[in-house]
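Visitor: Dumping the structure here so I can ask a few things about it.
The values are calculated or read from the model by the stated rules, or taken from the named source; none is laboratory data. Note that the coordinates shown come from a computational prediction; the quantities given were computed from them, not determined experimentally. Neighbour counts are summed over all protein chains in view; Cβ atoms, including those assigned to glycine, are modelled from backbone coordinates with ideal geometry. Accessible surface is based on the protein model in full, side chains and every heavy atom, while ligands, DNA and RNA are left aside. Shrake-Rupley method; radii C 1.70, N 1.55, O 1.52, S 1.80 Å.
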Amino acid sequence: DYDRALQDFGQAIRIDPRLPAAFANRGAVHGARQDFEEAIADFTQVLALEPDSAAAFADRAAMYRLNGQHDEAIRDYGEAIARNPAFTDAFLNRAITLAGTSRCAAAIADFTRVIELNSAEPIAYVDRGVCHEAAGRDELALKDYSAHLQIDPRSLYGLERRAALFFRTGQYDRA
């Protein structure tokens, strides 16, 4: 019950306004309700209390991204990464945001870093493949789609991307 959770976290904040967990949890509830401005405000408060929190930067970045504030999201993911250079989820989500705003060169660098940190992350391969394909690097895209399917052989998205690439490049026997 989101309303009850908001009441409880609000009460906790009134009792102790220096409790970052209450703001973070309330922010998560606001995000789940798609009240992104409220969520951003709560994660901003977490950062006022814990300015070195990589998780709070990543959480606020996610809310910015969902609210369509892509540049702010990219900036906050960068802050999260600066505080935790092995923060795979921050790299992955920044890469997805970059790719979604047609900044594929930067996205490829972040997807590559995700793969270096966790070679079993299928999303990094398929989305890096999409960026390679958009840049006309079909062989690299094919390698990434195939790597994705090695990890997740039942991925409909990966199968579709690879088949479409085969079809587009005239490799009908492989599509």
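Residue-wise test of (1) of a type outside the set (A, V, I, L, M); (2) open to solvent by 60 Å² or more (accessible area, probe 1.4 Å).
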| site | (1), (2) |
| --- | --- |
| Ala41 | no, no |
| Ala55 | no, no |
| Arg60 | yes, no |
| Asp76 | yes, no |
| Glu79 | yes, yes |
| Ala82 | no, yes |
| Ala90 | no, no |
| Ile96 | no, no |
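Visitor: Check off (1) surrounded by fewer than 18 Cβ atoms within 10 Å (Cβ to Cβ); (2) more than 24 Å from Val130 (Cα to Cα) for Asp35 and give me the number that stays unchecked.
Guide: Answer for Asp35: the failing condition is (1).
Visitor: Now for a separate question. Restricting to segment 118-143, name every residue that is outside any loop (DSSP other than H, G, I, E, B) and either under 15 Å from the mean Cα position of the chain (by Cα) or under 16 Å from Arg75 (Cα atoms) (or both).
Guide: Within segment 118-143, Pro122, Ile123, Ala124, Tyr125, Val126, Asp127, Arg128 qualify.
Visitor: Do any helices (runs of 4 or more DSSP H) entirely within segment 1-109 hold 3 or more residues that are of a type in the set (Val, Ile, Thr) and modelled with pLDDT of 95 or more, and if so, which? Break it down into steps so the answer makes sense when it comes.
Guide: Values: elements: 2-15, 20-32, 36-49, 54-66, 70-83, 88-100.
Because the criterion is at least 3 residues that are of a type in the set (Val, Ile, Thr) and modelled with pLDDT of 95 or more, the helices (runs of 4 or more DSSP H) in segment 1-109 that meet it are 36-49, 88-100.
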